[in-house]
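The values are calculated or read from the model by the stated rules, or taken from the named source; none is laboratory data. Given the structure is predicted, the values throughout are model-derived calculations rather than measurements. Glycine also receives a Cβ, built like all others from the backbone with ideal geometry; neighbour counts cover every protein chain displayed. All accessible areas refer to the heavy atoms of the entire protein, side chains included, with ligands and DNA or RNA removed. Shrake-Rupley method; radii C 1.70, N 1.55, O 1.52, S 1.80 Å.
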Amino acid sequence: SIEQTVSRIRLTLLGEKPEVLNFNHIAFWVQNADRTFRKYNGNYQCSMSSVAKVLPDPHAAVLGDGANSVSVHSKRELNPWWEIQFSQPVEVAFLMFFNRKDIWGTRSRNLQISLYGANGELLSELSRSSRDGAKELYRNKLREVIYPSFEYIKNIGSMSALADKVLG
């Protein structure tokens, strides 16, 4: 699990050539006092390195759900990114990333998730760009939260890019 207090989270598609960052949905989960989880519903601001004319709203990734194919789409560029800035630091228990459902979902193979603290400092980076890195990410960060989510995502026909790489 992430289990860190963060002020912003950035998803970056790493690569040596220009590429397009596009995905369906991302959800952030926080833990209640009774140790149950709920989707974060506080204030935030989303931004992207660029937006394609067909999907110009970076907020759509948070507002949507797993039903769409694509909610946000960058222009083709080197290392495109999408970011959420929380109005106040939030202790994020885990996140769920819903990738595209078509063949273009492979674009997220080099996705990196960067977590930033209240003072803008980089807290950690989670990457799925290599099988070893994905296994370590699963072992150290996502074991408790992605696996239960994986079955739910699998049942609705959408695979989390992280869960797909780590568990698949």
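Some observations on this one:
- The residues neighbouring residue 85, those whose beta-carbon lies less than 13 Å from its own, together hold a net charge of +1 under the Lys/Arg +1, Asp/Glu -1 convention.
- For the peptides 13-24, 53-64, 30-41, the ranking by mean Cβ contacts within 10 Å, running from highest to lowest, is 13-24, 53-64, 30-41.
- Per residue, segment 1-116 exposes 48 Å² of solvent-accessible protein surface, assessed with a 1.4 angstrom probe and all protein chains in place.
- For segment 1-49: rounded, prolate or oblate by the Cα gyration tensor [a/c cutoff 1.5]: prolate
- Cα extents of segment 27-126 along the three principal axes, largest first (Å): 41, 31, 23
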